[in-house]
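The values are calculated or read from the model by the stated rules, or taken from the named source; none is laboratory data. This one's a predicted model, so the numbers in the text were calculated from it and none came from an experiment. Cβ placement follows ideal geometry from the backbone for every residue including glycine, while neighbour counts extend to all protein chains displayed. For accessibility, only protein heavy atoms count, side chains too; no ligands or nucleic acids. Shrake-Rupley method; radii C 1.70, N 1.55, O 1.52, S 1.80 Å.
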Amino acid sequence: MFRFDAFAICACLALAPLSALAEGAESWGSPIGPDDLKGMAAYAPGGGDLPAGSGTVAQGRDLYGERCAHCHGEELEGIPETGGAKLVGGRGSLASDKPVKTVESYWPHAETLFDYVKRAMPFDDPGSLTDDEVYAISAFILNRGGILPEDAALDAGALAQVKMPNADGFYPGDTYDLRLSWGRADN
Amino acid sequence: MQTNAGPSGATADECDCRDGMRPDLPRRAFLGRTVGAGAGFLAASVGVAAAQEAAKAPPGAVLYDVPADPTKEMGRALLEDGGYGTRSQFETEVRIKEDNPTDTTSWTFTPLAAMLGNLTPSGLHFERHHGGIPTIDPTHHNLFVHGMVAEAKKFSMADLKALPSVTRKHFIECSGNTLTEWKGVTAKNVQRTHGLLSTSEWTGVLFSTLARAVNLDPQADWVLAEGADAAVMTRSIPMDKLMRDGMIVYGQNGEALRPEQGYPLRLLLPGYEGNTHIKWLRRLQVSDKPFMTREETSKYSDLYSDGRAKLFTLEMDPKSVITFPSGEMKLPKPGHYEITGFAWTGRGRVQAVDISTDGGKTWAPARLDTQPEPQCTVRFSFPWHWDGSEAVLQSRCWDETGARQLTRGDLIEMRGVNSVYHYNAIQSWAVDAAGEVTNVQV
């Protein structure tokens, strides 16, 4: 009898904090309000998340000249002293001794261009472009990369349709690297 | 006594203040404190202003007069430092930066050879920023967790600090560490070859704890982590990693994160490449697929010689380096030396470290000076008698998964020389007959 009581008390002590925790987890943090995530977005391949808006190659040419060319060059050739990378060219160079990695030659997804320019460029005024402007500038860069025609316009649907030249240039599998560093002959 | 030019041009021997000075101190201590002979010197000298100008404490230190005999003079009163201590004025180690077009997207290296023990002082932790260091008021900072969750939540810093926490020691290594060495011997010393590596004790909340609060969708497989810096840095993280040991940290080495380490909040993914440890963390978006951000496609992907690239090479491979003796050092004379260094692996614990003093022909086990912990550096040492002849010093390590550090030849055979990231080959330091140590590849 005594043993039984003691056991019951122990069980209660052990269970009490557990149930308190389980209840607690739901109350941790607070609900996200309707405006909380304003201006925070990421645009993954597939296009489903891309915002409304549109822009043309012609609009993009002007915007690029004003906002980007002083670092990335009039011809998108890059200006090393500014840190602004070359954005086009380099196709067919990836297997050579001197691979040239650009949006045109290396990037697997066009959505990434929209996402990155929207979040981080222009480097001297980050996050200052509207969605329309980013569509236009993306269209211009893809046009100069020989991926879109001169008269192209981009919006969410069109961007998701763009097939990048190097889309298949990556090893299959999107999680851990499978390279092995064991099992090789010791020197 | 050694003769040294004083700040005013007088030599230490000529000036009557020499008892108050250390000849080997690079910058002299001449603050306004009136202490005996020092004050006399100041009054008598021309160019006092210039001297004071030149007297500059190393970063993180304050310059004080150095008494000839500290037992004969009362020391400083407490709290002169305002309540937050500084390092000694005789300690001069600093981070150094890479020479890049802009210092807002660039990196600094930890002075590895000067590290005592396993932890990196927070002020010497390596840095890599893509949009400078933001200043963030923690009272206005939230972490948003949303996407494929039943309850999207925001957590203030106070919310997070109220949750159960863990404290763990882990290294962070930039996957660009040692990248200059792919194409041949480039960097001169270990700060530049391996200094994108640091180890801290981190404190924060496990991601798995937050997961309970938001109730993950069973299909959730990836999480986008986003920073609140000008780069709005983003990386996609596999859910299994986050659930296994991912941490949302606010503490580093017993105090709040340093601003350049992500104050007030960063992601900590033990053993993963540094770029994924998103600093100034503001958002976790749960999804069923990776987001393919610029940082995980254009950058931080590994190009192989067939022209194809690997994505998401996230775990850091086994790696080790001798920090003493290392590049640009000089062994003064033949005799006994204790070879020391660091070994680490992103895959678990370091199992063993070997040393070679003949360029990899023969190997002998090193001693592990610290207890191996998961995804944490270990210190190793190896007693060595240098007989004065040429030697090539190397270290190699294994981890508990059986992975081992490769020779440079094996690594390049596997990956070519254009993958940029994840260079973890065995490092060689040559010692010549004069005792000069240089970076070599064998």
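Collect the residues in the stretch A:78-88 that are open to solvent by 20 Å² or more (accessible area, probe 1.4 Å) and closer than 25 Å to B:Val417 by Cβ, keeping them in residue-number order. Lay out the reasoning, then the answer.
So the first thing to find is which residues in the stretch A:78-88 are open to solvent by 20 Å² or more (accessible area, probe 1.4 Å), and the list is A:79-83, A:85-87.
Hits for the stretch A:78-88 are A:Pro80, A:Gly83, A:Ala85, A:Lys86, A:Leu87.
How many of the residues making up the stretch B:381-407 are more than 9 Å from chain A (Cβ to nearest Cβ), open to solvent by 30 Å² or more (accessible area, probe 1.4 Å) and either touching a residue at least 60 places away in the same chain (Cβ under 8 Å) or among the aromatic types (Phe, Trp, Tyr) (or both)?
The number of residues fulfilling the criteria is 1.
Within the stretch A:88-110, is there a residue that is touching a residue at least 60 places away in the same chain (Cβ under 8 Å), aliphatic (A, V, I, L, M) and touching a Gly at 6+ places or on another chain (Cβ under 6 Å)?
Yes, the stretch A:88-110 contains at least one residue that is touching a residue at least 60 places away in the same chain (Cβ under 8 Å), aliphatic (A, V, I, L, M) and touching a Gly at 6+ places or on another chain (Cβ under 6 Å).
Counting only residues that are β-branched (Val, Ile, Thr) and in a loop (DSSP other than H, G, I, E, B), which one in the stretch B:411-442 is farthest from the chain's Cα centre (by Cα)?
Of the stretch B:411-442, the ones β-branched (Val, Ile, Thr) are B:412, B:417, B:420, B:426, B:431, B:437-438, B:440, B:442.
Those still in the list that are in a loop (DSSP other than H, G, I, E, B) too: B:417, B:420, B:426, B:442.
Details: B:Val417: 25, B:Val420: 20, B:Ile426: 19, B:Val442: 26 Å.
Out of the qualifying residues, it is B:Val442.
Is it true that A:Leu76 is part of a loop (DSSP other than H, G, I, E, B), more than 26 Å from B:Leu224 (Cβ to Cβ) and within 11 Å of chain B (Cβ to nearest Cβ)?
Working: part of a loop (DSSP other than H, G, I, E, B): yes; more than 26 Å from B:Leu224 (Cβ to Cβ): yes; within 11 Å of chain B (Cβ to nearest Cβ): no.
Answer is no for this residue.
Looking only at the stretch B:265-286, filter to residues that are within 12 Å of chain A (Cβ to nearest Cβ) and open to solvent by 10 Å² or more (accessible area, probe 1.4 Å); which one of those is nearest to the chain's Cα centre (by Cα)?
B:Arg282
Only residues that are more than 7 Å from chain A (Cβ to nearest Cβ), open to solvent by less than 10 Å² (accessible area, probe 1.4 Å) and closer than 18 Å to A:Asp168 by Cβ: list them for the stretch B:302-325, please.
The answer is B:Asp302, and nothing else.
Is the stretch B:137-144 home to any residue that is over 23 Å from A:Gly29 (Cβ atoms) and touching a residue at least 60 places away in the same chain (Cβ under 8 Å)?
Taking the stretch B:137-144 first, the residues over 23 Å from A:Gly29 (Cβ atoms) are none.
Checked the stretch B:137-144: no residue is over 23 Å from A:Gly29 (Cβ atoms) and touching a residue at least 60 places away in the same chain (Cβ under 8 Å).
Do any residues in the stretch B:416-433 that are free of Cβ contacts under 8 Å to residues at least 40 places away in the same chain have Cβ atoms under 7 Å from those of residues that are among the basic types (Lys, Arg), where the two are at least six apart or on different chains, and which pairs are they?
Correct list of pairs: empty, since none qualify.
Can you tell me how many residues within the stretch A:118-165 are open to solvent by less than 60 Å² (accessible area, probe 1.4 Å), polar (S, T, N, Q), closer than 30 Å to B:Ala228 by Cα and more than 14 Å from every other protein chain (Cβ to nearest Cβ)?
Summing the residues that are open to solvent by less than 60 Å² (accessible area, probe 1.4 Å), polar (S, T, N, Q), closer than 30 Å to B:Ala228 by Cα and more than 14 Å from every other protein chain (Cβ to nearest Cβ) in the stretch A:118-165 gives 0.
Is there a residue in the stretch B:248-263 that is within 20 Å of B:Ala220 (Cα to Cα) and open to solvent by less than 20 Å² (accessible area, probe 1.4 Å)?
Taking the stretch B:248-263 as the starting set, the residues that turn out to be within 20 Å of B:Ala220 (Cα to Cα) are B:248.
Filter once more, so that each one left must be open to solvent by less than 20 Å² (accessible area, probe 1.4 Å): B:248.
Yes; the residues of the stretch B:248-263 include at least one that is within 20 Å of B:Ala220 (Cα to Cα) and open to solvent by less than 20 Å² (accessible area, probe 1.4 Å).
For the stretch B:232-337, please list each of the strands (runs of 3 or more DSSP E) lying entirely inside it that holds at least 1 residues being closer than 25 Å to A:Gly47 by Cβ.
Working: elements: B:234-238, B:247-252, B:266-268, B:281-287, B:319-324.
Hits in the stretch B:232-337: B:234-238, B:281-287.
Cβ-Cβ distance below 6 Å, separation of 6 or more or different chains: which pairs start in the stretch B:79-98 with a residue that is at pLDDT 95 or above and assigned to a loop (DSSP other than H, G, I, E, B) and end on one that is open to solvent by 70 Å² or more (accessible area, probe 1.4 Å) and not β-branched (Val, Ile, Thr)?
So the pair list comes out as B:Val94/B:Pro59.
Determine whether B:Thr357 is of a type in the set (Val, Ile, Thr), under 22 Å from B:Glu181 (Cβ atoms) and open to solvent by 10 Å² or more (accessible area, probe 1.4 Å).
For B:Thr357, the condition - of a type in the set (Val, Ile, Thr), under 22 Å from B:Glu181 (Cβ atoms) and open to solvent by 10 Å² or more (accessible area, probe 1.4 Å) - is met.
When the residues of the stretch B:228-264 are filtered to those that are under 21 Å from B:Ser298 (Cβ atoms) and touching a Leu at 6+ places or on another chain (Cβ under 7 Å), which remaining residue is nearest to the other protein chains (Cβ to nearest Cβ)? Can you show your working first?
Within the stretch B:228-264, the first condition is being under 21 Å from B:Ser298 (Cβ atoms), and the residues that meet it are B:229-238.
Now drop any that are not touching a Leu at 6+ places or on another chain (Cβ under 7 Å), which leaves B:234, B:236-237.
On the way: B:Thr234: 6, B:Ser236: 8, B:Ile237: 11 Å.
Out of the qualifying residues, it is B:Thr234.
Conditions: (1) away from every other protein chain (no Cβ under 14 Å); (2) among the acidic types (Asp, Glu); (3) under 24 Å from B:Leu196 (Cα atoms). B:Glu436 meets all but one. Number of the miss?
With respect to (1) away from every other protein chain (no Cβ under 14 Å); (2) among the acidic types (Asp, Glu); (3) under 24 Å from B:Leu196 (Cα atoms), B:Glu436 is out only on (3).
B:Gly132 versus (1) open to solvent by less than 50 Å² (accessible area, probe 1.4 Å); (2) farther than 23 Å from B:Pro264 by Cβ; (3) out of contact with any Gly (no Cβ under 7 Å at 6 or more places or on another chain): which is the lone unmet condition?
B:Gly132 satisfies every listed condition except (2).
Could you check, for the stretch A:89-103, whether at least one of its residues is buried (at least 22 other Cβ atoms within 10 Å of the Cβ), away from chain B (no Cβ under 11 Å) and within 22 Å of the chain's Cα centre (by Cα)?
no
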